[in-house]
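Here's the structure we're looking at; comments come further down.
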Amino acid sequence: MTEQGNWAIGADVTIADVADRAQVSIRTVSRVINGSPKVNAETRAKIVDAIAALGFRPSARARGLATGRSYLIGMIHNDGNVLVLGDVHRCVANEATAQGYEVIAHATLTGQDGSVEDVLDFVRRSRVDGVVILAPVSGVPGLADALRTLGIPAVALASVRLPGFDAMLVSGERHAAVRVAEHIVALGHRRVAHVSGPPAMLSAQERRAGFRSALAAAGVALVGEEAGDYSFESGVAAAERLLSIDPMPTAIFAANDIMAAGVIKVAASRRLVVPRDLTVIGFDGSLLARMIVPALTTVQRPMGEMAQMAARCLFDIIAKRSVDTLIEVDLPLLIAESSAPPPA
């Protein structure tokens, strides 16, 4: 602890010290700390100034006792893509810090294997005030209703609107895949293949449906399709099969950037030059898309920003402020070096 005039500075400062410096009651300081509207602007400013001057840090335990909150939120996921998950966690944590909260990340399964009960056990054990739920966990049947029954505010991210959540942030993945197909057709490609994501996942279903429907509308049929699992290895395996077709495709759309990187690796091993011999397009707009050579044409899906928006929405719900229960996010196509007209 240090001294500034007659005032203590640091961890030993109490709410009474703040009240004394601002010349108000302890109860009034408590109201400001807990966001109560029952304090006028002038008094609030005096208290905020006193808190800053003294370096006062409210006890999280004391705040919890006063408000009935834990000042914790959960981020529930089942995403092995560290390029995406790291950005998501950082952005959610930034928003939580700004709101005086901490984030607990919890990974769970998504099959018919007790995943709903696993999430409920996490919520009860951690005593979080609310949860942000990422896809594909958000699509687990019964999860939204179970959280609602437990009284836990939940904001979900998904590629389609799902019933039961307090609010949804929906990314337009079907329409983004339409843009991919339109770009490929506009370049002049007619021998087109697709590496889709896991068939059971909503994101893979949406991307596949948008891509296929736009190709069909342009009179272009797929010459090949392989299902991957969003991993690099599955992209490699799919590309080995697709590039063995004779004549081979001149354009391949992979349902995420990691699988697209697998396609580019196989193309290089066969001495194919991207994009001269083969156009490759991904999905996610991750850091990987800018790191590989050539830079990947991809759909930008700003998961970090989207998760931060979801967290902001969750805090509004916890504070009983009005919120938009449906936020729709458009996903642009970022054209880079990996797409070009087909070889002559």
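Of the residues that sit in the range 77-108 and are touching an Asp or Glu at 6+ places or on another chain (Cβ under 7 Å) and part of a helix (DSSP H, G or I), which one is nearest to Ile292 (Cα to Cα)?
The extreme case among them is Val84.
Taking Val128 and the conditions (1) within 30 Å of Pro198 (Cα to Cα); (2) open to solvent by less than 50 Å² (accessible area, probe 1.4 Å); (3) modelled with pLDDT of 90 or more, which numbered condition does it fall short on, given that it satisfies the others?
Only one criterion is unmet by Val128, namely (1).
Quickly run through the range 187-243 and pick out the residues that are buried (at least 21 other Cβ atoms within 10 Å of the Cβ) and assigned to a strand (DSSP E or B).
Val192, Ala193, His194, Val195, Ser196
Evaluate the range 261-272: report whether one residue or more is touching a residue at least 60 places away in the same chain (Cβ under 8 Å), assigned to a strand (DSSP E or B) and either surrounded by fewer than 16 Cβ atoms within 10 Å (Cβ to Cβ) or more than 20 Å from the chain's Cα centre (by Cα) (or both).
Within the range 261-272, not a single residue is touching a residue at least 60 places away in the same chain (Cβ under 8 Å), assigned to a strand (DSSP E or B) and either surrounded by fewer than 16 Cβ atoms within 10 Å (Cβ to Cβ) or more than 20 Å from the chain's Cα centre (by Cα) (or both).
Which pairs do you get when a residue that is farther than 14 Å from Gly151 by Cα, found in the range 308-321, comes within reach of a residue that is part of a helix (DSSP H, G or I) and open to solvent by less than 40 Å² (accessible area, probe 1.4 Å), reach meaning Cβ atoms under 6 angstrom, with the pair 6+ apart or on two chains?
Correct list of pairs: Gln308/Cys91; Gln308/Glu95; Ala311/Val92; Ala311/Glu95; Arg312/Glu95.
Hand me the list of strands (runs of 3 or more DSSP E) wholly inside the range 279-344 holding 2 or more residues that are within 19 Å of Val132 (Cβ to Cβ).
Where strands (runs of 3 or more DSSP E) fall fully within the range 279-344 and carry at least 2 residues being within 19 Å of Val132 (Cβ to Cβ), they are 326-329.
List every residue pair whose Cβ atoms lie under 9 Å apart, where the two residues are 6 or more positions apart in sequence or sit on different chains, the first residue falls within the range 149-171 and is closer than 24 Å to Arg125 by Cβ and open to solvent by 10 Å² or more (accessible area, probe 1.4 Å), and the second residue, located anywhere, is polar (S, T, N, Q) and modelled with pLDDT under 95.
Phe165/Ser138; Phe165/Thr325; Asp166/Thr325
The values are calculated or read from the model by the stated rules, or taken from the named source; none is laboratory data. Just so we're clear, the structure is a prediction, and the values are computed from it rather than from any experiment. Every residue, glycine as well, gets a Cβ built from its backbone with ideal geometry; the counts of neighbours run over all protein chains shown. Note: accessible area is taken over every heavy atom of the protein model, side chains too, but ligands, DNA and RNA are not part of it. Shrake-Rupley method; radii C 1.70, N 1.55, O 1.52, S 1.80 Å.
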